[in-house]
There are 2 protein chains.
Amino acid sequence: MAEKIKLKDVAKAAGVSQGTASNVFSRPEIVREEVRERVHAVARELGYGGPSVTGRLLRAGKVNAVGVAAIEPLSYFFEDLWARQLMAEISNICDERGAGVALVSARNDERLAWNIGSALVDGFILLCVEGGERLVDITRQRQLPYVALAIGADDQSVPAIGVDNFNGARMAAEHILGLGHRRIAILSTMLRDDHVGPADEALIRQAWYSTSRDRALGYWQALQAAGIDPLSVPIFGTREDEGSTHAAVAQIFAAPEPPTAILAMSDKIAMYAVDFLFQSGRNVPGDVSVIGFDDVPEAAVATPKLTTMAQPMHEIARLAVDAALGDIQVEGRRVLPTTLVVRESTAPPRAK
Amino acid sequence: MAEKIKLKDVAKAAGVSQGTASNVFSRPEIVREEVRERVHAVARELGYGGPSVTGRLLRAGKVNAVGVAAIEPLSYFFEDLWARQLMAEISNICDERGAGVALVSARNDERLAWNIGSALVDGFILLCVEGGERLVDITRQRQLPYVALAIGADDQSVPAIGVDNFNGARMAAEHILGLGHRRIAILSTMLRDDHVGPADEALIRQAWYSTSRDRALGYWQALQAAGIDPLSVPIFGTREDEGSTHAAVAQIFAAPEPPTAILAMSDKIAMYAVDFLFQSGRNVPGDVSVIGFDDVPEAAVATPKLTTMAQPMHEIARLAVDAALGDIQVEGRRVLPTTLVVRESTAPPRAK
DNA sequence: AGCAAAAATTGAACCGATCCAAAATTGATG
DNA sequence: CATCAATTTTGGATCGGTTCAATTTTTGCT
């Protein structure tokens, strides 16, 4: 079988310089039509597959692709609700920009470092759901633009895009309070890696994940303003899975005066909670109102359709892609507002 | 701001040859520890970010990544059920192999050609749900290994991996017939781009999509063997969406003697059908049995849990990745068997 | 110490294009 | 026909590493 044909071969066979041959492919408008056609003809004849991407790349230094990275198995991108929604938005933006998307990930730090180190991209979008710090550290090595999403810690030196968790949570709580609820419980996302179950004030104020902490604080602020002592409302940490959520709800509703509303820090938690309430014969929103957070696509088609705080996913994705491509510079943390989406899972408490 | 540091600079500063410096990073085991450390120290001091991927690449000629391509918007990969499941498997395999995954797509042919032409990958996996022919043509240009999945046409010159649609469908029908059903209807995936609604024999035998045709023929074979005239069982083409499926089921159940079982060529169709049956007050599997095809993840959690023919997704993904990476050679069409997964949506017909 | 074998290091070629300044060609004009 | 400007083409430098044959250094053994 023939050797791999390169530009040089084509140039020689067509009797032009390599420079001209190169122009035929990458800037056809500057070469005389006659020459252009001859070169094309020769190329076709020789079976030349067009300029090698790698060669071009080396010269250009730009790949025109963004890498999305997470400390998770690669399949995380296709399985996790939030990641999926975000990826859909990110890929749409990349489509518009004509940029490619590469998925980069590994649970193992060493492997991840290698993958991040060798990904062919112009910049990274970091999905920092877990181990955000490490992910950022590893990415820094690469010396490419990057931006962190959903990062827990609030280190101002890392470019990050996040939502206003505090005010989002406050608005969620205000919605519930505005409906007239007074007995309320909170279902939290992870506060610390090793914690599940009832949480106290200290644990919350010192939570490892600022997302969870800020949302809790937002809820509290609204409760306080409504004259309810935040410390009197039960707050349970969950792992955002069925088991820990059901356990938490079970414990909450075992109390003598169970709540009439639940503030859930994620739609996933909210949906598991709704699930459990149905199974235990309670009606949502008839007996209990539930409000989620994030507005994942499933929230709109769940039964009942979930009331929740929507993250401006589209804008997050746009900013993230621009930052990763180096088109804009994100310094410190860029905070975006959330909006309340009222659907069917919240209603005034049943009149006594 | 300093210039970009390159390997050469590090080598000079550390007083070693560029070759040695290169080895420090890519084959550390062959350089003396003392030297290795000195070079690393210098590199750190200079702020060297590790060997540039591009440079390495140019030499190596291998990217160690597979591209997955489709004639769809990029977000298709995160939104479509089947694509998602497949991608999850593909990415797991790539994880194992230490290979990266790049998503390549566009609805527009020209853009797609450009994207495929400039994707930094070692090979392609083609998701040929639609316009498979064109996708293959475009990919061929690139002169890299590729393999087509779910391709409709059966051109033996394109390396493809598919499932045994004929026998899978036959087994599905045999399951239904084995339960005692005799009045049956078929809901088909697209037979031709322009067709929806009742189909006749000619249409099926000349279907544009061999997947649909083979499944239909498989059903017929089983029906025939059970002494039922295939031409007497209604078969409706759908677009695999809610509208066309509901319409088809409505029409089917408007007949004086409606069927007691439905053979659906995809889980998506099956789920929409179940949906409609519930809405019209019929019980599944009490009144009507429904069997799907594909075994998407949702089939296992639907209500009722869907009986279906499982595609060996894991193996498909493994073969596809190996082929795209050029590790194995797929010639012509490689056909994999499907397996029956009995869940809750099928049962014997109600005794008369 | 002497010498062969093993290990480490070097230097230059090479991967496949793009880019740019300089040279060659073409065309218009006086 | 000479001159000048505009258009094309050329050759060689460059991007940032890897690799391999050749060379130098180290090690092991007598």
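So the values come out like this:
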read-out: Residue in region A:19-29 that is among the basic types (Lys, Arg) and either within 22 Å of B:Arg59 (Cβ to Cβ) or within 12 Å of DNA strand D (Cβ to nearest atom) (or both) present; value: yes
read-out: Count of residues meeting criterion [among the small types (Gly, Ala, Ser) and either within 16 Å of DNA strand C (Cβ to nearest atom) or farther than 20 Å from B:Arg111 by Cβ (or both)] in region B:57-72; value: 3
read-out: Region B:39-61, residues that are among the small types (Gly, Ala, Ser) and either more than 11 Å from DNA strand D (Cβ to nearest atom) or in a loop (DSSP other than H, G, I, E, B) (or both); value: B:Ala41, B:Gly47, B:Gly49, B:Gly50, B:Ser52, B:Gly61
read-out: Hey, B:Ala70 among the small types (Gly, Ala, Ser), in contact with a helix residue (DSSP H, G or I) (Cβ under 9 Å, 6 or more places away or on another chain), more than 8 Å from chain A (Cβ to nearest Cβ) and within 24 Å of A:Leu81 (Cβ to Cβ) or not; value: yes
read-out: Selection within region A:98-130 - facing chain B (nearest Cβ under 7 Å), in a helix (DSSP H, G or I) and buried (at least 22 other Cβ atoms within 10 Å of the Cβ); value: A:Asn115
read-out: Cross-chain or 6+ apart pairs with Cβ under 7 Å, region B:33-61 first and touching a residue at least 40 places away in the same chain (Cβ under 8 Å), then away from DNA strand C (no atom under 14 Å from the Cβ); value: B:Leu46/B:Ile5; B:Leu46/B:Asp9; B:Gly47/B:Ile5; B:Tyr48/B:Ile5; B:Gly49/A:Gln141; B:Gly49/A:Arg142; B:Gly49/A:Gln143
read-out: Identity of the residue in region B:16-33, more than 7 Å from DNA strand C (Cβ to nearest atom) and over 25 Å from A:Leu144 (Cα atoms), that ends up nearest to the other protein chains (Cβ to nearest Cβ); value: B:Glu29
read-out: Filtered residues of region A:1-28 (kept if under 42 Å from the mean Cα position of the chain (by Cα), in a helix (DSSP H, G or I) and surrounded by fewer than 16 Cβ atoms within 10 Å (Cβ to Cβ)); value: A:Ser26, A:Pro28
read-out: Residues being surrounded by fewer than 24 Cβ atoms within 10 Å (Cβ to Cβ), within 7 Å of another protein chain (Cβ to nearest Cβ) and either free of Cβ contacts under 8 Å to residues at least 60 places away in the same chain or over 13 Å from A:Val321 (Cβ atoms) (or both) - total across region A:73-97; value: 7
read-out: Yes/no for A:Arg36 being in a helix (DSSP H, G or I) and within 29 Å of A:Cys94 (Cβ to Cβ); value: no
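Here's the yes/no breakdown for (1) closer than 30 Å to A:Gly15 by Cβ; (2) within 12 Å of DNA strand C (Cβ to nearest atom):
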residue: A:Val35; (1), (2): yes, yes
residue: A:Gly47; (1), (2): yes, no
residue: A:Gln85; (1), (2): no, no
residue: A:Cys94; (1), (2): no, no
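Listed here are the residues, each with its yes/no results for (1) surrounded by 15 or more Cβ atoms within 10 Å (Cβ to Cβ); (2) in contact with a strand residue (DSSP E or B) (Cβ under 7 Å, 6 or more places away or on another chain); (3) within 12 Å of chain A (Cβ to nearest Cβ); (4) aromatic (Phe, Trp, Tyr).
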position	(1), (2), (3), (4)
B:Glu37	no, no, no, no
B:Ala41	no, no, no, no
B:Gly47	no, no, yes, no
B:Leu58	yes, no, yes, no
B:Ala65	yes, yes, yes, no
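Bear in mind that the values in this text are calculations on the coordinates, not laboratory data. Computed from a prediction, not measured in an experiment: that's the story for all the values here. Cβ: placed from backbone, ideal geometry, glycine included. Neighbour counts: every protein chain shown.
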